[in-house]
Amino acid sequence: MTETGPFRLPRGGRLIDRAYQLPFRFDGRQMRGLLGDTLASALLANGQLMMGRSFKYHRPRGPIASGAEEPNALLGLGQGGRFEPNQRATTTPLVGGMVTTPQNCWPSLNADIGAVNNWLYRFFPAGFYYKTFMHPRPFWKHVFEPIIRRSAGLGKAPTEADPDRYEQAYAHVDVVVVGGGIAGLTAARDAARDGKSVWLVEQTPHFGGRTPTDHADGQARVDALLAELRGMANVTLRRSTQATGLYDHGYLLVRESLADHDPNAGIPRQRLWRIRAGHVVVASGALERPLSFAGNDVPGVILASAVRDYIDNYGVAPGRRIVIVTNNDDAYRTALVALDAGLEVPVVIDARSAAGGALPAAVRARGVRVLTGSAIAGIKGGQAVEAVKICAHSGSGQVTETVDADCVAMSGGWSPVVHLWSHCGGKLNWSDAQAMFAPDPNRPPTGADGKAMASCVGAAAGDLLVPALTGAQAESATMPVWVMPAHATRKMKFKMWLDFQNDVKVSDVELAAQEGYHSVEHTKRYTTLGMATDQGKVSNINGLAVLSNALNQPIPATGTTTFRPPYTPLTLGTIAGEARGEIFQPLRKTPMHGWHESHGAFFEPVGHWRRPYCYPKAGESHADAVAREIRAVRASVGTLDASTLGKIIVKGPDAGRFLDMMYTGMMSTLPVGKCRYGLICNENGFLSDDGVAARLSEDTWLVHTTTGGAERMHGHMEDWLQCEWWDWKVWTANVTEQWAQVAVVGPKARVLLERLGGQIDLSPEALPFMGWAEGEIAGIPARVYRISFSGELSFEVAVPANRGLELWEKLHEAGRDLNVTPYGTEAMHVMRAEKGFIMIGDETDGTVIPQDLGLNWAISKKKTDYIGKRAQERSHMTDPRRWKLVGLESVDGRVLPDGVYAVADGVNPNGQRNTQGRVTSTYMSPTLSKPIAMGLVLNGPERMGEVLEFPVAGQESYKARICDPVFYDKEGSRANG
Amino acid sequence: MLTLTCPYCGIAAEETELQPGGEAHLKRFGPGSTDEEFEAYLFARKNPKGVHFERWRHAYGCGKWFMAARDTATLQVFGTYSAQTPHPTPEIVAAIRAHRPDWQPDWTEATADTSAESLNA
């Protein structure tokens, strides 16, 4: 018995199995608990009342609750990648071999240096940081903030990757009942009897909620309901499953714990259910409130309901001499449970002037002294309760009596758990009679049909006793007590904790009110009330009641802060689910991807594609590889995998008319068999995509887009076709992945292709520049487009995707003696820049129009309309001072950094240098053996030869001369082969 | 997160399957329009608290654009309908009026008559 701790009771504990002892470690010490224990109950059984320290003052902290609302008993769990900070000991089931560490203390839990803050509490009032560290200003960034940051933060983030597995699943359910107490079980049964599909989710590992502990025959009532539910095929019961948030249209997020803290289970640790619920029944019960008396944060002061949970559920005595302090009848249950367990209850302190109900009578009958109209004036003890000082509640704290005790069971009344109800817009009413905010059934959260998507039952609805289901007798009214005693002195209020984790006291909230913080949302942020990891579950109502009193207004006038999901913290791993590592997102690979891999390609992401950036040989740097690839292409022949280029078929009687609207240029006049370069703008006039269109037949065009633009451009076309010109007869199809495409580029391109054989005449006469032909190459059906993005003789060969690798390999086999060289995207980029060709995303950034880039030749003057035309007529678009595309020649041989700005004379209103241009593309050109760049410059085309200055922090300014953007083969003769 | 039923394929689609397209039933102004008309077409969007008409595309489904009538405050969906209509259909208007009797369309019946039906064919 004593092996699981000196505070384990000889009898009782309905949730533990005394046959199974589990070893675990806390703060370096070996302890034992029982199967069914939570970490908190196991620690309490071992006499470990102190489990952590508070955030601001590092005050000793023991558990005050037994469930999800616990603000104090937060531990670091596990080791290495499985380490998790801030885990609530009260909701963590004990697992054999667990390693746990206390937080927020150094060097040890018992002797913590930060506790010195505790002696300075008068100097750390609400808003301390805001008030103290204002001046001098630079001190904030360089002195105050680093120091505060070092001592701030609760718990430590794990430093290794989480080795556990998580999964997500979807469900569509007619009715989801949240909460497996007696009200939830009943609601689930009723819905199931109506033939609906029903889920019941319960956050703890046990159904029944408080009923088995609090009501006679409670367990039998719960068991009967469970038996019926388990026999219904349309009911799903899930324990250890937390509904964390309710969102629009009945979208409910639910976290199911499958193998928490059991790394050997071989199954995912947690599962995140994404449920579309027809209706959500909120049966989440109520939470007990603390009382605000001086010393209410000393370890051993525990919520009355939690005290009886530890005794009844786990057979653990939180203390041996338990004083009860209350403003309601319910706390008397704790006295009875304690007495039944053989513990002492020296006195019940009841703030009410009378306690005449059945429960107080039962307690009196057991010989317990009940002091009505009384209050706690203070607690004797630092790391644990030693004695309780009693006073009259109506007074200012004159001590009338001191009673020895090692535990105080406090109850300030109950607050319904309305979080899910409120997440999506459900409204609350304040009930003076019950001193609580309860859901207003007339103002529910509504769904897609405009009807209520949630309803509350049981304690969550404000029906705390649920007498219809529990058989409980009526109890006397709760008396609101927000400060105890009623006229407590200022000094006492410095010791009355509202938020136990963040050290927010009654005095702090009153100070905030005095300083003008009248909104509850402002007060929350100023004092940090309710901003702890429990998100104000135990502190909010008490805090806003104190604020209301300080502002001399009724509580509903103050209102609550916003309830936001999640109800309890969600592990990031659960939110990520399986989307991590290699399957974070789908990868798109071309048919030649494997070849690239086996030939040492270094890949870069382009959208979801992976494209070879270059093919470095052994010992070769990427820059060297790119230079080699370019020289090989310019000297002989190279191949580029261009399969990722977007390919969209546009077909129909109105296809030409439609493309004339899509492109700035004229596409309808393109002859069959020809290609034309085109620009696509958005309705704002800005350049969006570019590419070559080929007319396949009288009514069919094949449109090429950029690699990243295929889906976007297809969507753009469909948008206009479906929503604006829906009577035009045009069909589009995105065939990007149906074709593998290889650019065969270089002076020997024709020689190489002709070696493969086929019926396509590749001669300049039969297939001139900007022409295309169809036929067979190397026995593979193919289309050949004579288009060039490098300035060289170039054929882009498209074949069915499943023949792409075959074509690619044949090219490399046939061209060995020509030094045929695979080249990557970087070589492609450099070669296009050498030719002054623009690149969407480099020269364009969503603010650039074609006219800025000298592309007026690609804009039809004849067309009356195209997408973007009207916008390009706006005054700012026609402003001659728009920056225009030019080439930039480095003056000192250094490659210009990408994106740098050219400065002009003078400074702007912020004291920064005025600018007159910026670099959009910049490379070292292996062809020309010098740096090349392009940029947008004020009046650039008229300023040829001028030198611009580009300052870069920490370096000598770069200087570059404005020049023509075409650096190589200005006549364009090479493309003609 | 919304669910909207695609009127083309009939699937009640999650918001993550859909691409939003902003305000529905904009009249396009092109070359020849005044600066004021074009500015209003490009930038001036309604932002009502209440009934609103929006464009959505069933992007990860059938690919079709459609229209949705919903309440921006309560997120109630009055209906989804074809994108190929210059104004909300009479059925949609009736569905809105059933829940919001005081709501008034801000287009005139005369223009609404340039009918969806003929264009829809």
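The values are calculated or read from the model by the stated rules, or taken from the named source; none is laboratory data. Bear in mind that the values here come from a model prediction, so they are computed numbers and not experimental data. Note: ideal-geometry Cβ built from the backbone for every residue, glycine included; neighbour counts use all protein chains shown.
The table for this structure:
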| item | result |
| --- | --- |
| Odd one out for A:P941 among (1) away from every other protein chain (no Cβ under 14 Å); (2) not in a helix (DSSP H, G or I) | (2) |
| Residue check for A:I182: more than 14 Å from chain B (Cβ to nearest Cβ), modelled with pLDDT under 95 and over 15 Å from A:R271 (Cβ atoms) | no |
| Qualifying residue in region A:601-624 (condition: over 20 Å from A:H829 (Cβ atoms) and among the acidic types (D, E)) | no |
| Residues within region A:794-819 that are hydrophobic (A, V, I, L, M, F, W, C) and either part of a strand (DSSP E or B) or farther than 12 Å from A:V744 by Cβ (or both), tallied | 6 |
| Of the criteria (1) farther than 30 Å from A:G977 by Cα; (2) surrounded by fewer than 20 Cβ atoms within 10 Å (Cβ to Cβ), which one A:M666 fails | (1) |
| Selection from region A:847-864 of residues that are within 13 Å of chain B (Cβ to nearest Cβ) and among the small types (G, A, S) | A:S860 |
| Tally of residues being out of contact with any Cys (no Cβ under 7 Å at 6 or more places or on another chain), more than 10 Å from chain A (Cβ to nearest Cβ) and assigned to a loop (DSSP other than H, G, I, E, B) across region B:32-61 | 9 |
| Test: residue in region A:966-973 that is touching a residue at least 60 places away in the same chain (Cβ under 8 Å) and acidic (D, E) | yes |
| Any helices (runs of 4 or more DSSP H) falling wholly within region A:458-561 and containing at least 1 residues that are touching a strand residue (DSSP E or B) at 6+ places or on another chain (Cβ under 7 Å) | A:490-493, A:506-514, A:520-527, A:540-551, A:555-558 |
| Those residues of region A:566-601 which are farther than 30 Å from A:I267 by Cα and of a type in the set (D, E), in sequence order | A:E597 |
| Residue tally, condition closer than 18 Å to B:K46 by Cβ and either within 13 Å of another protein chain (Cβ to nearest Cβ) or among the acidic types (D, E) (or both), over region B:82-102 | 6 |
| Output for region A:768-784, where each listed residue is surrounded by 17 or more Cβ atoms within 10 Å (Cβ to Cβ) and assigned to a strand (DSSP E or B) | A:G771, A:W772, A:A773, A:I777, A:I780, A:A782, A:R783, A:V784 |
| Which listed residue, of A:L246, A:L253, is touching a Ser or Thr at 6+ places or on another chain (Cβ under 6 Å), buried (at least 21 other Cβ atoms within 10 Å of the Cβ), assigned by TED's automatic domain parsing to the domain that holds A:V177 and assigned to a strand (DSSP E or B) | A:L253 |
| Set A:A694, A:A655, A:A740, A:A733: member being within 30 Å of B:Y81 (Cβ to Cβ), more than 14 Å from chain B (Cβ to nearest Cβ) and either surrounded by fewer than 16 Cβ atoms within 10 Å (Cβ to Cβ) or of a type in the set (A, V, I, L, M) (or both) | A:A655 |
| From A:V457, A:V399, residue being more than 30 Å from A:D223 (Cα to Cα) and more than 14 Å from chain B (Cβ to nearest Cβ) | A:V399 |
| Region B:5-46: number of residues that are over 30 Å from A:H172 (Cβ atoms) and not acidic (D, E) | 18 |
| Failed condition for A:R588, given (1) closer than 30 Å to A:R165 by Cβ; (2) without any contact (Cβ under 8 Å) to a residue 12 or more places away in the chain; (3) surrounded by 15 or more Cβ atoms within 10 Å (Cβ to Cβ); (4) not hydroxyl-bearing (S, T, Y) | (2) |
| Filter pass, A:V830 being crowded, with 22+ Cβ neighbours inside 10 Å, more than 14 Å from chain B (Cβ to nearest Cβ) and part of a strand (DSSP E or B) | no |
| Of all residues in region B:62-74 being of a type in the set (A, V, I, L, M) and surrounded by 17 or more Cβ atoms within 10 Å (Cβ to Cβ), the one that is nearest to the other protein chains (Cβ to nearest Cβ) | B:M67 |
| Scope region B:16-31; condition within 30 Å of B:D102 (Cα to Cα) and at the interface with chain A (Cβ under 8 Å from one of its Cβ atoms); matching residues | B:G21, B:R28 |
| From A:G945, A:G977, A:G911, residue being in contact with a strand residue (DSSP E or B) (Cβ under 7 Å, 6 or more places away or on another chain) and of a type in the set (G, A, S) | A:G945 |
| Members of region A:788-803 that are in contact (Cβ under 8 Å) with a residue 60 or more places away in the chain and in contact with a Phe, Trp or Tyr (Cβ under 8 Å, 6 or more places away or on another chain) | A:S788, A:G791, A:E796, A:A798, A:V799, A:P800, A:A801 |
| Close pairs (6 angstrom Cβ cut-off, 6 or more residues apart or separate chains): surrounded by fewer than 24 Cβ atoms within 10 Å (Cβ to Cβ) in region A:278-290, of a type in the set (K, R) anywhere | A:L287/A:K537 |
| Breaking point among (1) within 21 Å of A:A277 (Cβ to Cβ); (2) surrounded by fewer than 23 Cβ atoms within 10 Å (Cβ to Cβ), for A:C456 | (2) |
| Options A:A19, A:A40: the member that is among the hydrophobic types (A, V, I, L, M, F, W, C) and under 28 Å from A:D297 (Cβ atoms) | A:A40 |
| Region A:435-454 - residue that is touching a residue at least 24 places away in the same chain (Cβ under 8 Å), assigned to a loop (DSSP other than H, G, I, E, B) and out of contact with any Phe, Trp or Tyr (no Cβ under 8 Å at 6 or more places or on another chain) and, of those, farthest from the other protein chains (Cβ to nearest Cβ) | A:A435 |
